[in-house]
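Okay, so here's the structure we're looking at.
Only the coordinates and a few stated rules stand behind these numbers; no lab work does. Just so it is clear, the structure is predicted and the values come from calculations on it, not from any experiment. Ideal geometry is used to build each Cβ from the backbone, glycine not excepted, and the neighbour counts take in all protein chains shown.
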Amino acid sequence: MTRKVRWALAAAASAVALAVGVVIGVHIAGGSEKGPGCAVSDRLVPECGRWWGVAPGVFTSKSTEKALADFEDRTRRPADAVHLYHRDGELFPTDREIAMARDGGRPRLLFLNWKPEMGRTWAQVAAGDPEVDRHIDDVARRIRDAFPHRFFLAVHHEPEEEVRPSPGSGFTARDYAAMVRHVIKRLRDGGAGNAVTVMAYMGVPNWGAQPWFNDLYPGDDVIDWVAADLYADKWVDDFATLVDKRRPDFPAWPGFYAWASKRFPKKPLMLAEWGTVNRKDDPEFSRRFFASVPRQLPNYPRLKGLLYFESPKTPVGDTRWNATGGSAEAFRQIAKMPDFNRLTPP
């Protein structure tokens, strides 16, 4: 079979699958998909409820499958979404990722993070570097041939600390925006229109207050969701001060949720990564923080997904949710919230 024929068949299969509703195991009805008690749009935006997910066992020796199974067993709640990472020439979704997504007992959404630059600057990628473009085309073919289902995709998350604002650096905020636009448009042209795109910021005061911060955004036409990766460090007391993290030395930054709600009034918002930083000098902090979530999350209706980042050794510290018995039980209470139990794919 020629490559052109394979592409045509894959594209036709994808179109048929989408037309009959083979999308994360739910049924299409009037332009949206129906799960138990909630409708979900073709951009994976739920009319009610919120996605529950995890980046499991990051920076550990566990396989992703084992870490995910342990997370689900110990939280007593299956994950709606699993967050995974790719870079530098890797093709995705991998067979193992597809197996996790298509688990016959409990299908899951994939949230894939991808840094596609292969050593090039953002400006070089935006200009159409031939080697990077070939890789983008390979990824588009892989998606089209192997995975016609909807999934979340973030192109180069957390760009803020890599910005070099000097003109000509190749890494200005505008270079980043142009790079993301180029990658997403080329993916879509290659038949990977089932990727639901996420702009994932760090969302913290020192970067949000920078004069170039708003220039990072690639545009509404190529971004479906807006997200932040936020951690409960020393500036955070509870969930409210996480989603709107502020600092007195950067008074112009109102916090991620306040900023994004105003800047993107029609975009769904997400915590693509979130977690406590377990404090040796305050071992009860994580329990108190998790206990605040059921009380305060209803105040943030625009947050349509929370994907926990589970790791004993992140750059900010230990973010394991079950570091103590008290924190584990408080986290399980979050997992039991009705908001996180309305979107389980059948």
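A few comments on the model shown:
- Residue-wise HN-Hα couplings along the stretch 256-267, as the Karplus relation 6.51 cos²θ - 1.76 cosθ + 1.60 with θ = phi - 60° gives them from phi, are 4, 5, 4, 5, 5, 4, 7, 6, 10, x, 10, 9 Hz; Gly and Pro carry x.
- Applying 1/(1 + (r/R0)^6) with r as the Cβ-Cβ distance of residue 214 and residue 48 and R0 = 25 angstrom yields a FRET efficiency of 0.20.
- Estimated from helical segments only, the mean residue ellipticity of the chain at 222 nm is -10000 deg cm²/dmol, where each DSSP H run of four or more residues counts as -39500 (n - 2.57).
- Between residue 234 and residue 62, the C-beta separation translates, for a Förster distance of 30 Å, into a calculated FRET efficiency of about 0.55.
- Residue 106/residue 166 FRET efficiency (R0 45 Å; Cβ-Cβ; nearest 0.05): 0.40
- Anisotropy class of the stretch 231-290 from Cα gyration tensor, a/c 1.5 cut: oblate
- Beyond 27 Å in Cα-Cα separation lie the following of the pairs 234/266; 185/245; 62/115; 267/313; 245/336: 234/266; 185/245; 267/313.
- The simple spin-label model puts a point 7 Å past each Cα toward its Cβ; for residue 241 and residue 329 those points are separated by 2.5 nm.
- Amide H contacts for residue 232 (H built 1.01 Å from N in the peptide plane; partners 5 or more residues away or on another chain; cut-off under 5 Å): 275, 276, 277.
- Extension gain, residue 96 back to residue 76 (0.36 nm per residue minus Cα-Cα distance, nm): 4.9 nm
- Under 11 Å from the residue 252 label point (7 Å along Cα→beta-carbon), backbone N, the stretch 212-237: 212-214
- Taking the DSSP bridge list for the stretch 49-341 and keeping only pairs wholly inside it, about 5 percent are antiparallel.
- Remark: the chain carries a charge dipole of roughly 720 debye about the Cα centre, counting +1 on each Lys and Arg Cβ and -1 on each Asp and Glu Cβ.
- Proportion of all alpha-carbon pairs of the chain beyond 24 Å (%): 56
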